[in-house]
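Beneath this line is the structure, given in structure tokens, with notes to follow.
Please treat every number below as a calculation from the coordinates, not as lab data. In this text the structure is predicted, and so the values were computed from the model without any measurement. Cβ coordinates were reconstructed from backbone atoms using ideal geometry, including for glycine residues, and neighbour counts include every protein chain displayed.
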Amino acid sequence: MTFVVKENCIKCKFTDCVEVCPVDCFYEGENMLAINPDECIDCGVCEPECPAEAIVSDAELSPDDPVDWVALNDRLSKQWPNLTKQLEKLPDADKYNRVDNPDVPDKMADLSENPGKGD
Ligand code: SF4
Ligand code: F3S
């Protein structure tokens, strides 16, 4: 069991989540974070911290979802650096937050696999 970061993190990257994770298992891409499923202890404390509601338990994932979020988080977390301290959100984070702006289209095509800086 693990929690995963989903699509609405893309182009937002609020990073409130990293501050609360007891095992520092968030990894930073250029415009999204990923959770390492092997390190996540399934505590759930990060989920309510995300202003983009981008973090969910794998138990809540739909089998019909076209994206395998556990596999994507696993792969990206292993190619990105660890992030443990909150950063400034991305400049257009509020504009691209689909919680507040439901008309923003799906952002998967905008996912960058480039690494962030980490800390
Ligand atoms: Fe970290 Fe807990 Fe969130 Fe897993 S569920 S990423 S261990 S805060
Ligand atoms: Fe992303 Fe939400 Fe964390 S937008 S960086 S999962 S607080």
Report task. Look at E19 and say whether it is surrounded by fewer than 17 Cβ atoms within 10 Å (Cβ to Cβ) and either among the charged types (D, E, K, R) or closer than 19 Å to D110 by Cα (or both). Result -> yes
Query - the range 74-87: number of residues that are within 13 Å of V5 (Cα to Cα) and loosely packed, with under 15 Cβ neighbours inside 10 Å - result: 1
Requested in this report: Kindly list, by first and then second residue, each pair from a residue in the range 91-108 that is surrounded by fewer than 10 Cβ atoms within 10 Å (Cβ to Cβ) to a residue that is in a loop (DSSP other than H, G, I, E, B), limited to pairs with Cβ atoms under 9 Å and residues at least 6 apart or on different chains.
Outcome: P105/R98
Requested in this report: Return yes when A71 is surrounded by fewer than 22 Cβ atoms within 10 Å (Cβ to Cβ), out of contact with any strand residue (DSSP E or B) (no Cβ under 6 Å at 6 or more places or on another chain), among the hydrophobic types (A, V, I, L, M, F, W, C) and without any contact (Cβ under 8 Å) to a residue 24 or more places away in the chain and no when it is not.
Outcome: yes
Report task. Scan the range 17-38 for residues that are within 9 Å of the chain's Cα centre (by Cα) and in a loop (DSSP other than H, G, I, E, B) and jot them down. Result -> M32
**Report entry** Subset of the range 2-50 that is of a type in the set (V, I, T) and closer than 14 Å to L83 by Cβ - its residue that is farthest from ligand 2 (Cβ to nearest atom)
**Finding:** V23
Requested in this report: Take the range 56-66 and flag every residue that is farther than 20 Å from E39 by Cβ and surrounded by 14 or more Cβ atoms within 10 Å (Cβ to Cβ).
Outcome: none
Report task. Give me a count of the residues in the range 1-30 that are out of contact with any Asp or Glu (no Cβ under 7 Å at 6 or more places or on another chain) and of a type outside the set (D, E). Result -> 12
Requested in this report: Check whether at least one residue in the range 12-22 is in contact (Cβ under 8 Å) with a residue 40 or more places away in the chain and farther than 19 Å from E88 by Cβ, and report yes or no.
Outcome: no
